[in-house]
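The values are calculated or read from the model by the stated rules, or taken from the named source; none is laboratory data. This is a predicted model, so every value here is computed, not measured. Cβ atoms come from the backbone with ideal geometry, glycine included; neighbour counts cover every protein chain shown.
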Amino acid sequence: MDFLYFSLLVLSLIVFLRFSSSTYQKLSEGSSLSVENPGDVLISPNSTFSAGFYPVGNNAYAFAIWFSKPSCLVLQHCTVVWMANRDHPVNGQRSKLLLLRTGNLILTDAGQFNVWATDTSSLPSVQLQLNEYGNLVLSNSEGTTLWQSFDSPTDTLLPLQPLTRHTTLFFFDDNNVLRLLFDGPEISSVYWPDVWLLSSQAGRSAYNSRRNAMIDSFGNFSSSDDLSFLSADYGANWIQRRLTGEEGKQTWVVSWQAISQPCRAHGLCGENSLCRYGPSTGRKCSCVQGYKTKNQTDWSYGCEPEFDCETECLQRVGCKGFQYKFNGNGVYECFPKALLRNGHQPPNFDGDVYIKLPKSYVSLKKEELSKETISLGCRQNYTINLGRSYVEGQENGVVKFMLWFACALGGIEIVSIFLVWLLLSKAKQEENVAKEGYLLAATGFKRMTFDELKKATKNFSQEIGRGGVRVVAVKRLNEANQGEAEFLAEVNTIGKLNHMNLIEMWGFCAEKKHKLLVYEYMEHGSLAEKLDSHQLDWEKRYDIALGSAKGLAYLHEECLEWILHCDVKPQNILLDSGYRPKVSDFGLSELLDRSKLSNHSFSKIRGTRGYMAPEWLFNRPITSKVDVYSYGIVMLEMVSGKNPRKGIELMKGGEGEMDLVTWVKEKKKGADSKETCVEEIIDRTLEGNCDKKKMKILVAVSLDCVQEDRDARPTMTQVVERLLRPTH
């Protein structure tokens, strides 16, 4: 029985000790301090400092460090030296300081918002400790300091705490002198030491480059600008003070301060105000004449003007009246009235009161009016608005049951939708596989995904994509607005094209708005890039003209479905390693039904300025002769070296410019012979001798191709036949 009684006694003591105190020497990773448990605090080795949740208002807390010695019976009376979230207090429920296993120390508000964090990380295990100097240190198992409160002071400098250029307790200006600065929303001003004193007159030295300060363990403060005193603290009004604790007393004594008169500190009473100080009465703020306080509980907001009572009261819906009162200094002050209560008129009242009434109720008798006084005193008990909305943590049983039921029902619906989506995706995938196999068998090239092409081309950069076997060029169609079915039908038709003077397509991509084509790579780029170089001699240029004509003739007359290119220009004629031409960008131009060719029309103009046939401009039916016209322009440009998109200046004093076709015709008309005509037209900047017979045929064919009457133009097959017989 005695043993049982002893066991119960020991167990009771253990439980009592467990729940009566939960102070910590250190906080390990994965642990936390809760605002709901007042005993959740960190203490320094000799219990000089404590760290925990400190109340700053009604249901508002900040994680802070305070002096435990001299002891304070009420936590609000303790001297705070550091706060993590001074401007962002947290809720009094479910708020915690957590040390994550990733090495980050965070402060959560009601378990919903992160209001403060050290933003640290560490692979070794971490711990949080409060040392005997009041420094909160976050370190890992290797002893490396990840974060410490000494590096981010709030308003107090502790012994051995360094003050450097990276801290915000003081401000260092360009002359390396320690100063006190008022940093307001509109202006900033230095108020200590006196701005009219030189550095030497204030006992300071500007000739230093270290710019640091520190309090040693004996309470002596020294900085690199020769300022020295004892331990420093900052009050709420930013007046520098020295605080010392006397043995046997539970109070702090101010034994040194930078400014003896508090009104010398800037920004205490706000704008449009006066600061008065007396040893017995302390500091008092008041508004200048004609002004009133903006915030009756915070003088830092200053005063605002109070003019024209009658106009102001008439404009306010809730104004019941206003009062003029003589202040004894020759000025009548104005007091608008929003509520009339406790009316009393003393016999010696010196002022007037006006009440706003409808005109129909105004009587001839003078009414006794009321007045309202406004107290400017600060309230001792105040509430801090956290400015955040929280989710209620407790619901009744019915609401909880409905929530759980709704969650379960929603979960079942989500699972059902996911299963249906999975089945549809699988069916769609099988359909795509079958379609891809059909396209591969019908056309001989593969359907590729957008991600594959994006990765191969390095996000569609200028570099050409290189495969494991061959080099390819990927063309992205930025204005492909047609549907996937229409696009695949055209790709299927294009895949059946096979001609040595048409660029070969090896693959494609059709995913929603992404339409891409994969072509064979042309080593020498486009004809436009080579026209101004000397790499194309006259023989190569003639071969390019013949090869391009063959490719267009195949598109117009030899393939199963006739294809109009609609944009023949040097940029769309590519050159391989042997300078053999291959027409490109014909793929998605226009597929034509042969039975409807004569009446074909387009919804919008296509082509490039300078190469377009007149039919485009006059809205005439479009046939293959538009490609013939563009081909003729390209050949004239290749022979003459003149850009058709730019006007050609007239020679011999003529004014104005003419187009390329007119210029060639004028040269031909003014030449003595056909040989002379060719010499006048060809590009003289090119080296080497040209075959004048071939050039004469090429110029003649080109001029036939660019006639205004489309019926007078030859077909591309006729062009090929004439170029194959240059000697006839």
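Could you list all residues from region 134-163 that are part of a loop (DSSP other than H, G, I, E, B) and over 23 Å from residue 79 (Cβ atoms)?
141, 142, 143, 144, listed by residue number.
Could you figure out which of (1) touching a helix residue (DSSP H, G or I) at 6+ places or on another chain (Cβ under 6 Å); (2) part of a loop (DSSP other than H, G, I, E, B) isn't true of residue 528?
With (1) touching a helix residue (DSSP H, G or I) at 6+ places or on another chain (Cβ under 6 Å); (2) part of a loop (DSSP other than H, G, I, E, B) applied to residue 528, the lone miss is (2).
Residues 490, 452, 479: which one is modelled with pLDDT under 80 and either in a helix (DSSP H, G or I) or in the same structural domain as residue 554 (by TED's automatic domain parsing) (or both)?
Just a single option satisfies the conditions, and that option is 490.
Yes or no: residue 164 in the same structural domain as residue 65 (by TED's automatic domain parsing) and more than 21 Å from residue 87 (Cα to Cα)? Give the steps one after another, and end with the answer.
On the way: in the same structural domain as residue 65 (by TED's automatic domain parsing): no; more than 21 Å from residue 87 (Cα to Cα): yes.
Considered against the rule, which asks whether it is in the same structural domain as residue 65 (by TED's automatic domain parsing) and more than 21 Å from residue 87 (Cα to Cα), residue 164 comes out as no.
Listed here are the residues, each with its yes/no results for (1) surrounded by 17 or more Cβ atoms within 10 Å (Cβ to Cβ); (2) at pLDDT 90 or above; (3) in a strand (DSSP E or B).
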{"site": "14", "(1), (2), (3)": "no, no, no"}
{"site": "19", "(1), (2), (3)": "no, no, no"}
{"site": "22", "(1), (2), (3)": "no, no, no"}
{"site": "36", "(1), (2), (3)": "no, yes, no"}
{"site": "40", "(1), (2), (3)": "yes, yes, no"}
{"site": "50", "(1), (2), (3)": "yes, yes, yes"}
{"site": "54", "(1), (2), (3)": "yes, yes, yes"}
{"site": "65", "(1), (2), (3)": "yes, yes, yes"}
{"site": "69", "(1), (2), (3)": "no, no, no"}
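Could you go through region 136-153 and let me know if any residue there is of a type in the set (Asp, Glu), closer than 30 Å to residue 267 by Cα and modelled with pLDDT under 85. Show your work before the answer.
Step one: list which residues in region 136-153 are of a type in the set (Asp, Glu), which gives 142, 151.
Then drop every residue that is not closer than 30 Å to residue 267 by Cα, which leaves 151.
Next cut, modelled with pLDDT under 85 only: none.
Among the residues of region 136-153, not one is of a type in the set (Asp, Glu), closer than 30 Å to residue 267 by Cα and modelled with pLDDT under 85, which makes the answer no.
Has region 171-186 got any residue that is of a type in the set (Gly, Ala, Ser) and modelled with pLDDT of 90 or more?
Within region 171-186, none of the residues are of a type in the set (Gly, Ala, Ser) and modelled with pLDDT of 90 or more.
Report the residue count in region 682-728 for those that are hydrophobic (A, V, I, L, M, F, W, C) and at pLDDT below 90.
Residues meeting the conditions: 4.
I'm checking my understanding of the structure. Among residues of region 601-630 that are touching a Phe, Trp or Tyr at 6+ places or on another chain (Cβ under 9 Å) and among the aromatic types (Phe, Trp, Tyr), which one is modelled with the highest pLDDT?
629
List pairs: first residue in region 282-299 and β-branched (Val, Ile, Thr), second residue crowded, with 17+ Cβ neighbours inside 10 Å and part of a strand (DSSP E or B) anywhere in the structure, Cβ distance under 9 angstrom, at least six positions apart or on different chains.
That search, which allows pairs on different chains as well, returns 288/273; 288/303; 293/273; 293/285; 293/287; 293/303.
Looking at this structure, is residue 554 in the same structural domain as residue 685 (by TED's automatic domain parsing) and touching a strand residue (DSSP E or B) at 6+ places or on another chain (Cβ under 8 Å)?
Here the answer is yes, as residue 554 does meet what is asked.
Give the residues of region 413-425 that are within 38 Å of the chain's Cα centre (by Cα) and not small (Gly, Ala, Ser), sorted by residue number.
Of everything in region 413-425, those that are within 38 Å of the chain's Cα centre (by Cα) and not small (Gly, Ala, Ser) turn out to be 413, 414, 415, 417, 418, 419, 420, 421, 422, 424.
In this structure, is residue 74 of a type in the set (A, V, I, L, M) and under 17 Å from residue 50 (Cβ atoms)?
Yes, satisfied.
For region 262-289, which positions are loosely packed, with under 14 Cβ neighbours inside 10 Å and assigned to a loop (DSSP other than H, G, I, E, B)?
Result: 279, 280, 281, 288, 289.
Can you confirm whether residue 116 is buried (at least 18 other Cβ atoms within 10 Å of the Cβ), within 28 Å of the chain's Cα centre (by Cα), in a strand (DSSP E or B) and not aliphatic (A, V, I, L, M)?
Considered against the rule, which asks whether it is buried (at least 18 other Cβ atoms within 10 Å of the Cβ), within 28 Å of the chain's Cα centre (by Cα), in a strand (DSSP E or B) and not aliphatic (A, V, I, L, M), residue 116 comes out as yes.
Picking from 577, 548, 640, which residue would you name as being over 19 Å from residue 659 (Cβ atoms), crowded, with 21+ Cβ neighbours inside 10 Å and at pLDDT 85 or above?
Details: 577 fails: crowded, with 21+ Cβ neighbours inside 10 Å; 640 fails: over 19 Å from residue 659 (Cβ atoms).
Just a single option satisfies the conditions, and that option is 548.
Keeping to region 119-136, report how many residues are surrounded by 14 or more Cβ atoms within 10 Å (Cβ to Cβ), within 34 Å of the chain's Cα centre (by Cα) and closer than 16 Å to residue 84 by Cα.
1
Going through 281, 293 one at a time, which residue ends up being under 47 Å from the mean Cα position of the chain (by Cα) and either under 29 Å from residue 266 (Cα atoms) or modelled with pLDDT of 80 or more (or both)?
Answer to the selection: 293.
Each row is one residue, and each column tells you yes or no for (1) buried (at least 17 other Cβ atoms within 10 Å of the Cβ); (2) at pLDDT 75 or above; (3) more than 26 Å from residue 77 (Cα to Cα).
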position: 199; (1), (2), (3): no, no, yes
position: 230; (1), (2), (3): no, no, no
position: 239; (1), (2), (3): yes, no, no
position: 250; (1), (2), (3): no, no, no
position: 260; (1), (2), (3): no, no, no
